[in-house]
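Every number in this text was worked out from the coordinates using simple rules, so none of it is lab data. The structure presented is a predicted model; accordingly, all values stated were derived computationally and were not measured. In this analysis, Cβ positions are derived from the backbone assuming ideal geometry, glycine residues included, and neighbour counts consider all displayed protein chains.
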Amino acid sequence: MNFGIYIHWPFCLSKCPYCDFNSHVAESIDQADWRRTLLAELDHFAAVTRGRTVTSVFFGGGTPSLMEPATTGALLDRIATRWPMAPEVEVTLEANPGTVDAGRFADFRAAGVNRLSMGLQALDDASLRFLGRRHDAAQATAAVELARRLFPRISFDLIYARPGQTVEDWQTELAYALALAADHLSVYQLTIEPGTAFHPAHARGDFTLPDEDCAAEMFEITQVQTGNAGLPAYEISNHARPEAECRHNLLYWQGDDYLGIGPGAHGRLTDRSGQVWALRQHKAPGRWLAEVHSQGHGTAERLRLDAGERRDELVMMGLRLTEGLSAARFARQTGQRLDETVNRSGLATMLGEGFLEWAGDHLRATAKGRLVLNAVIGALV
């Protein structure tokens with residue numbers, strides 16, 4: 001089983017109006033204290049997971065590129081001393097074009113980061129302003145070009161179905177993005193989440209989004225254009241050249257184990273008896289710091305997943321993958337047959353109506369099913 005470590009850096013220079021992640025704007029950050037505290041939580045979990053081989057490390061946020069590169073290096077050094085490392089361990093760091101200059105890119109590379117994931121979100125200045133981004137399109141392009149020179153692997157994110165965006169607009173922007181991309185591209189539909197600045201603005205009618213039919217057409221166009229460019233979808237929102245998939249995110253979608261370090265981070269750990277535990281760290285940065293200072297870790301919840309919860313999680317995550325959910329893997333992870341533990345009538349209906357199909361060992365959503373994936377999953381769990 002693969003094993004990853006996720007490290008959460010919760011700070012941003014500003015809060016994007018669409019973002020519902022655990023991110024915070026702080027006037028000052030005690031970088032030395034954060035380094036010591038993240039290291040301390042790593043040490044705590046090293047004792048719990050002794051002997052596991054780390055296959056991926058992911059620095060997420062927030063904006064991890066606001067972390068001092070020396071802190072990144074110290075964390076990677078500590079991981080290497082506490083766990084065996086896979087020969088080609090994947091180390092990803094999320095970055096924003098407006099927060100990292102050439103010197104910091106180079107320093108992160110020297111610290112051990114070998115995959116950079118950048119939050120571009122759009123490639124025109126008006127959309128970037130609407131989305132609350134601090135960079136412009138020229139900075140985004142320059143950042144990608146620089147990253148391609150420094151890192152073996154890079155990815156960047158785009159958001160589509162923005163206010164006023166037409167299908168033709170998206171086709172043009174996506175074509176430019178694919179010409180700019182290297183081996184991986186993440187593409188997300190703009191959604192309005194509670195607790196974000198966009199939520200009340202959208203409710204007031206300050207802006208409207210493209211309708212469902214338009215958004216669905218954009219999604220379908222994305223599949224065609226990325227496929228033609230050699231970056232087909234391997235997950236509902238992620239596209240990559242063969243062998244360039246994000247190995248860390250595959251941990252989540254395939255139900256493997258991972259640690260979550262830092263405020264609000266989640267983890268999944270399987271104990272020696274085969275029981276899977278869900279862990280969540282304290283979300284508020286101050287509370288998390290205090291807990292780690294006092295007891296060595298900031299775990300707020302440690303819950304045992306029962307058979308139904310584990311099944312539902314594996315189905316929800318596995319069907320996001322283009323290849324689908326492996327029945328053999330599911331049986332190894334749960335001790336149950338996939339076709340016997342999901343809602344049988346729902347499975348029969350989804351297969352009969354062409355939303356799901358069997359492809360050898362894998363139960364997967366069809367192109368038709370991927371357009372309504374949440375409903376398909378709901379029929380099974």
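Annotations
- Shown here is the pair-distance distribution of the stretch 303-357: with all Cα-Cα distances grouped in 5 Å bins from zero up to the longest one, the shares run 4, 18, 29, 28, 14, 5, 1, 0 percent.
- Prolate/oblate/rounded call for the stretch 175-301, Cα gyration tensor, a/c under 1.5 rounded: oblate
- Net charge dipole size for the stretch 3-251 [Lys, Arg +1 and Asp, Glu -1 on Cβ; Debye, nearest 20]: 1000
- Taking 4.7 Å between beta carbons as the limit, the unpaired Cys residues of the chain are Cys12, Cys214, Cys246.
- DSSP beta bridges fully contained in the chain are about 40 percent antiparallel.
- Spread over its residues, the convex hull of the C-alpha atoms of the chain is 144 Å³ per residue.
- On full extension, the segment bounded by Phe207 and His293 gains 26.5 nm, given 0.36 nm per residue less the C-alpha separation.
- Nonlocal amide H pairs with Ala265, under 5 Å, H built at 1.01 Å: Gln281
- Value of relative contact order over the chain, rounded to a whole percent, pairs C-alpha under 8 Å and six or more apart: 15
- Prolate/oblate/rounded call for the stretch 237-333, Cα gyration tensor, a/c under 1.5 rounded: oblate
- Using a Förster distance of 56 Å, the FRET efficiency for Ala331-Asn228 (Cβ separation, nearest 0.05): 0.95
- Segment Val372-Gln31, extension gain: residue separation times 0.36 nm, minus the distance between their alpha carbons: 118.4 nm
- The alpha carbon gyration tensor of the stretch 9-167 gives principal lengths a ≥ b ≥ c with a/c of 1.5 or higher and a/b greater than b/c, which makes the shape prolate.
- Here r is the Cβ-Cβ distance between Asp306 and Ala197 and R0 is 41 Å; the resulting FRET efficiency, rounded to 0.05, is 0.65.
- For Ile159, the residues 5 or more places off, or on other chains, whose built amide H falls under 5 Å of its own are Gln121, Ala122, Tyr188.
- Full extension of the chain segment joining Lys283 with Glu353 gains 21.0 nm, where the gain is 0.36 nm per residue of separation less the Cα-Cα distance.
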